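Below: one structure, written as C-alpha cells.
The values are calculated or read from the model by the stated rules, or taken from the named source; none is laboratory data. Here the structure is a predicted model, which means the values were calculated and not measured. So basically every Cβ, Gly included, is an ideal-geometry build from the backbone, and we count neighbours across all protein chains shown. Heads up: the accessible areas ignore ligands, DNA and RNA and are worked out on the full protein's heavy atoms, side chains in. Shrake-Rupley method; radii C 1.70, N 1.55, O 1.52, S 1.80 Å.
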Amino acid sequence: MRIGLFGMGYAGAVCAACLAESGHSVIGVDDSELKVDLINRGKSPVLEPGLEALLRRQVAAGRVCATSDASGTVLDTDLSMICVRTPSPRDGGVQLDGVEAVARQIGAALKQKRGWHTVVVRSTVLPGTTRNVIIPLLEQASGKRAGADFGVAVNPEFLRESTAIQDYYHPPMTVVGQLDDASGEVLAALYAGLPAPLVRRPLEVAEMVKYACNAWLATKITFANEIGNFAKAHGVDGRDVMDLVCMDRKLNISNYCMRPGFAFGGSALPRDLRTLEQSAQQLELDLPMLTALMRSNRAQVDQAMKMVAATGKKRIGLLGLSFGAEPDDLRESPLVDLAELLIGQGYQLAIYDGNVEGARVNGASRDYIGSRIPQVSSLLKSDLAEVIEACDVMVLGHRDRQFEEVLHNLPDDKIAVDLVGFMQTTSNAAAQGIGW
C-alpha cells in the first residue's frame, strides 16, 4: 500500500520503518524540517535499537521518504495514518492540538481527492475522540461523509521503548476500531503477515484499550512494589513472594476476574486486605494502592445504588444476596450492603435467593441472618415469580441461571440492573449494566 504517516516521532518513525520493511511505500509527514531531513538521510529522529539501520535500508530502497507537504501526501497515497503526539499536561487531560491540525490538513486534501481513502488514528486518544472530534473536522474540511466517501479507523500501537521493532512484528494482538467495514478490511490486509490475532471492534473500544493496557501495566508495577515493601518490612524477600504469585496461572496470571462486574465479598478477600492495611499502619508503611482496594470496592456498591436510583422507580427486586451463585455465605456480601442502602433510602425491597432461603433455618448463615441483618432477612421471599410481579426494577445480583431467564423474559414495563454480565448488549432503556 501507499501510506502517508503523519507525525515522525517515536511511534511514527518506528511504524514507518516497519511498514516499509513489510513492503509498503511510506511517506512520513512532519512540520519539523529537522525530522524530515533526518528521515530523508536515513537517520532516526529518535533513539531506538535497530531503528536507524532499518530506516537507512528502507530509504535506500526508496520505500521511505519524508516531507512537510500534507496535501500532496494524501493525494499520492491510499491511507493516512495519524501518529502525532497527544501529550498530557501535569493537571491531566489530553492535548489534541496536533491531532486536530492534522485532521484539518487531511480533510482539506480529501476535498480534492477522487477515490477511496482511509484515515487511521494511531495516536492515543480518549474514547469518543475519533467520532466526536476527528471525524467532524475531516468532514468539515473535505465536504465529504465519513464511512461513505472515505474510511476511518482507529489502530492503537503497543510499542515499548527499546523493544519497539520486536513488538511491532510480534504483537500480542492487532486492534482495529472501524467506523466502516471497508476500513477494517484495509487494515486487515495491511497487517495480514503479522503472527497475532486481528480483532475488529467499534472505534471507542479501540481507543479505550490503550488506556486500559497502560493502566493495567501501571497497576502490576505498583502492586509488586507495594508487596515488596510490605514483605521487606516483615523480613521477607518480596521478589521470592512475587515469583510464587506469578506461578499461579489459573487465577493470578490469567483472565480470571478480569471482567467488569460487581464488588467482591466473602470472608477471605476483605479480611486479608484489612489485615495488610492494619499491619502497614503499625509499621508506618505507605501502601496507597493496597489500602485503597476496600474503598474502591465500596464505590462499586455505591455505583450500583446510583444505577437503581437513576431508574426513578421505588419497588426494587434484588435477585441474590450471598456473594456467589452457589454458596449461602452472606459474610461481607456486597449485595447485603446494597440491600441495606436501598432500605435506608426508603426503597420498597423484595429479595429472592434460593440458597439463602434454605439457610435461614439450617445453613451456615443462620446466625448471621438472625443477628446481623434481621431487617434484610425479613424481606426474603420464597417465590421468584412473586418478586418479579411486585417490583418495577430487578437487580440481578449473581450468576444464577434462573436470573438470566428473568432478564431475557422481563416484561416490557420493568427494568433490569445487571451486576453480573448476563446482557449481550450495552446498557439501554430496558436494561442497565454496571460496566457495559
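Calculated from DSSP H runs of 4 or more alone, at -39500 (n - 2.57) each and per residue, what is the 222 nm mean residue ellipticity of the chain, nearest 500? All intermediate terms of the calculation are to be shown ahead of the outcome.
Numbers: 18 runs with 195 residues, N = 436.
The helix contribution divided over the chain gives -13500 deg cm²/dmol.
Express the carbon and sulfur contribution to the solvent-accessible surface of the range 107-166 as a percent, rounded to the nearest whole number, probe 1.4 angstrom. Before the final figure, lay out each step's value.
Numbers: 1230 of 2680 Å².
Carbon and sulfur: 46 percent of the exposed surface of the range 107-166.
What residues have an amide H closer than 5 Å to that of residue 64, excluding those fewer than 5 places away on the same chain, when H is modeled at 1.01 Å from N in the peptide plane?
26, 59
Heavy atoms only, probe 1.4 Å: what % of the accessible area of the range 42-99 goes to carbon and sulfur, would you let me know?
Details: 1410 of 2930 Å².
Carbon with sulfur: 48 percent of the solvent-accessible area.
Considering amide H positions built from the backbone, and no H for Pro or chain starts, which residues 5 or more places from residue 318, or on another chain, come under 5 Å of its amide H?
Excluding prolines and chain starts, which carry no amide H, the hits are 350, 351, 352, 395.
Convert each backbone phi in the range 47-62 into a coupling constant with the Karplus relation 6.51 cos²θ - 1.76 cosθ + 1.60 (shift: θ = phi - 60°), then list the ³J(HN,Hα) values in order as whole Hz, x for Gly and Pro.
Couplings: 8, 7, x, x, 6, 5, 4, 5, 4, 4, 5, 6, 5, 5, 7, x Hz.
Within 10 Å, count the other beta carbons around each residue, average over each peptide in 239-247, 427-435, 17-25, and list them highest first.
On the way: 239-247: 12.1, 427-435: 16.4, 17-25: 20.2.
Those peptides, ordered most packed to least, come out 17-25, 427-435, 239-247.
Charges only on Cβ, +1 for Lys and Arg, -1 for Asp and Glu: so what's the dipole of the range 49-203 about the Cα centre, in debye to the nearest 20?
Working: 16 positive and 15 negative charges, 20 e Å.
Dipole about the Cα centre, nearest 20: 100 debye.
Quick one: helix 203-233 against the long Cα principal axis of the chain, what's the angle to the nearest 10°, folded into 0 to 90?
Once rounded, the angle reads 60 degrees.
Could you go through the range 141-155 in sequence order and give the Karplus-derived ³J(HN,Hα) for each residue, using 6.51 cos²θ - 1.76 cosθ + 1.60 with θ = phi - 60°, rounded to whole Hz, and x for Gly and Pro?
Each residue's phi maps through the Karplus curve to give 6, 9, x, 10, 10, 5, x, 10, 9, 8, x, 9, 8, 10, 9 Hz.
Put 391, 257 in order of accessible area, largest first, 1.4 Å probe: what do you get?
Result of the area sort, largest leading: 257, 391.
In Å², what does the accessible area per residue of the range 42-165 work out to with a 1.4 Å probe?
On the way: 5810 Å² over 124 residues.
Value returned for the range 42-165: 47 Å² of accessible area per residue.
Out of residues 5 or more away from residue 4 or on other chains, whose amide H comes under 5 Å of its own, with H placed 1.01 Å from N in the peptide plane?
27, 78, 79, 80, 81
Tabulate in residue order the Karplus-calculated ³J(HN,Hα) for the range 398-407, using 6.51 cos²θ - 1.76 cosθ + 1.60 with θ = phi - 60°, rounded to whole Hz; enter x for Gly and Pro.
Running phi through 6.51 cos²θ - 1.76 cosθ + 1.60 with θ = phi - 60° gives 8, 7, 9, 4, 5, 6, 5, 5, 4, 4 Hz.
Where Rh is the Kirkwood radius over the Cα pairs of the range 231-316, the temperature 10 °C and the viscosity 1.306 mPa s, what D in µm²/s does Stokes-Einstein return?
Values: Rh = 15.8 Å.
After rounding, the answer is 101 µm²/s.
Which value, to two decimals, describes the C-alpha radius of gyration of the chain once divided by 2.2 N^0.38 Å? Before the final figure, lay out the partial values.
Details: Rg = 27.2 Å, N = 436, 2.2 N^0.38 = 22.2 Å.
Against the empirical 2.2 N^0.38 Å value, I get 1.23 for the chain.
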